[in-house]
Amino acid sequence: MRLTRPLALTAAAVLAVLLPAAAAGPTATARPGQAAACRPSATAASTTCVRYGPAAPLGKGRVRVYTEHRGSKPQALGIALTRSALESLPTHPTDGGHCHDADRDGRTDPMRECVGGHGRELALPRAGTAGSVLPFDWALLNWNPHGHSPHGRYDVAHFDAHFYLIPRRERDAIRLGSCALLIDCAQLKAASRPVPAAHLPAGYPASTPETSEGAMGEHLDSRPPDTGPLTGHTLIYGAYDGEIIFIEPMLTKDSLEGLRTAARHQACAPVPQPRVWRTAGWYPTRYCLAYRPRHDDYTVSLTGLTRSPTPSPAAPAGPVGALAPVRGAWVQSVPG
């Protein structure tokens, strides 16, 4: 009898805390590491819901993918980094995940024979269509403490945030080897096949074979050659076999941390568009770096998402990429 009343009071106290929160209904945001409480209905088109994918450790914190939806419409796809994720970051050039003995001397030099730095493969939230942003499939965040090639441009410490348009198994089929940026020489021709003009984002080269990278793809860079080392952020497109396969904001650690004390906690830039997209879906017109005081975290996101129309049967089919045989329909992009 002594225990019954204290336990009952404890249960009542717990219910008193939980019930008002439950009655409050959907919330617009959720902290990284927590499941989003927001469950929008067809009538909740004005509610912005944030959902998070599984977390991965980085530094003293963690990182994860998140999506924002307003009703059924995606608003953003991004990677959230807790503030502590930027503390005690690895200083060794690589985690050893993607190395190749290119000179066949029996050892791998971490500076010359490894790519990808310290990578974190991140899944999108599992919440059906409410957590997806098609055609994006997954994300890869790389921390490069010593940067990477090309030297004089990107050999400074920075993050690469890849948002992939192909499944992980297709990315994994891009093998390591001794050509370009450690790509299998037998795949270099396919990796560097030019992107057709209709699919090529404005201002980007159709092909740059020297930046074809094993376990990643070819990198298309719009920065002029004389702009020097990266000091803030820029946008890279990734390609393989003539198809765009990822969109990659590249950014220095300082460009994120500086937003915490800046007058505005956000910096955005345009995402150049192609004339047409090969696959229907939601595509960004901007990318943003941000610090969120409410969550005490940083984000790298694709925003201004605009839906491309359903492919028209009358549109030209175009070449089909070797990595993605089911793709190949041309669709008009819609300006954001």
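The values are calculated or read from the model by the stated rules, or taken from the named source; none is laboratory data. Note that the structure is predicted; figures quoted are calculated from it, not measured. Methodologically, a virtual Cβ is constructed for each residue, glycine included, from the backbone with ideal geometry; neighbour enumeration extends over all protein chains shown. Areas reflect the complete protein model, heavy atoms only, side chains present, ligands, DNA and RNA absent. Shrake-Rupley method; radii C 1.70, N 1.55, O 1.52, S 1.80 Å.
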Under 5 Å between amide H atoms, partner at least 5 residues away or on a different chain: which partners does Gln75 have, H built in plane at 1.01 Å?
Glu68, His69, Arg70
Neighbourhood net charge (15 Å Cβ-Cβ; Lys/Arg +1, Asp/Glu -1) for Glu257
+2
Surface accessible to a 1.4 Å probe, Arg286 within the full protein complex, Å²
110
Between Glu87 and Glu210, how many nm apart are label points set 7 Å from Cα along the C-beta direction?
4.1
Applying the Karplus parametrisation 6.51 cos²θ - 1.76 cosθ + 1.60 with θ = phi - 60° to the phi angles of the range 154-167, what ³J(HN,Hα) value in whole Hz is obtained for each residue in order, glycine and proline being reported as x?
10, 8, 10, 4, 6, 9, 10, 10, 8, 10, 8, 9, 10, x
So how much accessible area does His199 have, in Å² to the nearest 10, using a 1.4 Å probe?
10
How charged is the neighbourhood of His219? Take every other residue with its Cβ under 12 Å from the Cβ of His219, and add Lys/Arg as +1 and Asp/Glu as -1.
-4
If each K or R counts +1 and each D or E counts -1, the residues other than Ala161 whose Cβ falls under 13 Å of its Cβ total 0
Which value in nm describes the separation of the simple spin-label points at Arg175 and Ser72, placed 7 Å from the Cα toward the beta carbon?
4.4
Ordered by residue, what ³J(HN,Hα) values in Hz, to whole numbers, does the range 277-289 give under the Karplus form 6.51 cos²θ - 1.76 cosθ + 1.60, where θ = phi - 60° and Gly and Pro are x?
9, 6, 10, 5, x, 9, 10, x, 10, 9, 10, 9, 10
Inter-label distance for Arg104 and Ala157, nm, one decimal - labels placed 7 Å from Cα along Cα-to-Cβ:
3.8
